[in-house]
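I have placed the structure first, in the form of structure tokens, so that the comments after it can refer back to it.
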Amino acid sequence: MCRKHQQTRDVQQDPLYGYFSAVAGQDGQISADELQRCLTQSGIAGSYKPFCLETCRLMISMLDRDMSGTMGFNEFKELSQVINGWKATFSSYDRDHSGTVEGHELQQAISAMGFNLSPQAMNVIMRRHSTNGRIAFDDFISCCVKLRALTSQFQSRDMSRTGQATFGYDDFIQVTMSL
């Protein structure tokens, strides 16, 4: 059997492929609303509420290397692995199983994921993502997507790894508005 045929068969046997192919168009890509349906059908959010459309847009932008606004199966598979990791982190800090985390739990979760943020940055995140001082799973994922994408964009411009980067105005707008 040729290698390409074997790879196609392996992909089609992947349990996630069924969910993906059920919503993907002829081009083998999914849009944000299709991603939302796919994630809901796959049950990846577990017992938490399904992801909102804006969070799905963020997820696509995080992995959209060709800037198409869509996601192929390999990106979807990568996304599902990332979400499952974030879900495990969220669950470990949602100690009362309320489906939300408080600010201090969010700080611990973000630190555990390797992000070293100032109290001021954490306050901004809480103001943006919390309701009554608590962050729901969907908002947690949205926050994680933004942190990962912005950190990646920052690191690509911080060539000497000093914690400093230079952005032109248009570049800054493109980076921040793509999220």
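Before moving on, here are some points about what is shown:
- Which numbered condition residue 23 misses (of (1) open to solvent by less than 30 Å² (accessible area, probe 1.4 Å); (2) at pLDDT below 85): (2)
- Scanning the range 93-110 for residues that are over 13 Å from residue 137 (Cβ atoms) and either part of a loop (DSSP other than H, G, I, E, B) or touching a His at 6+ places or on another chain (Cβ under 7 Å) (or both) gives 95, 96.
- Whichever residue in the range 128-138 is part of a helix (DSSP H, G or I) and in contact (Cβ under 8 Å) with a residue 40 or more places away in the chain and, among such residues, is most open to solvent (accessible area, probe 1.4 Å): 138
- Condition check for residue 90: aromatic (Phe, Trp, Tyr), closer than 26 Å to residue 177 by Cβ and either part of a helix (DSSP H, G or I) or open to solvent by 30 Å² or more (accessible area, probe 1.4 Å) (or both): no
- Flag if residue 108 is polar (S, T, N, Q) and surrounded by 12 or more Cβ atoms within 10 Å (Cβ to Cβ): yes
- Residue 105 meets all of the listed conditions (1) under 23 Å from residue 56 (Cα atoms); (2) out of contact with any strand residue (DSSP E or B) (no Cβ under 6 Å at 6 or more places or on another chain) but one, namely (1).
- For residue 53, the conditions (1) touching a helix residue (DSSP H, G or I) at 6+ places or on another chain (Cβ under 6 Å); (2) crowded, with 17+ Cβ neighbours inside 10 Å all hold with the exception of (2).
- Residues that are modelled with pLDDT of 85 or more, closer than 18 Å to residue 177 by Cβ and either buried (at least 20 other Cβ atoms within 10 Å of the Cβ) or among the basic types (Lys, Arg) (or both), drawn from the range 56-78: 56, 57, 58, 59, 60, 62
- Residues of the range 140-170 classified as surrounded by 10 or more Cβ atoms within 10 Å (Cβ to Cβ), outside any loop (DSSP other than H, G, I, E, B), free of Cβ contacts under 8 Å to residues at least 40 places away in the same chain and not aliphatic (A, V, I, L, M), total: 8
- Subset of the range 103-151 [of a type in the set (Asp, Glu) and under 16 Å from residue 49 (Cβ atoms)]: 138, 139
The values are calculated or read from the model by the stated rules, or taken from the named source; none is laboratory data. This structure is a prediction, so every number in the text was calculated from the model and none was measured. As a convention, Cβ positions derive from the backbone with ideal geometry for all residues, glycine included, and neighbour counts pool all protein chains shown. To get the accessible areas, we keep the full protein, side chains included, count just its heavy atoms, and leave off ligands, DNA and RNA. Shrake-Rupley method; radii C 1.70, N 1.55, O 1.52, S 1.80 Å.
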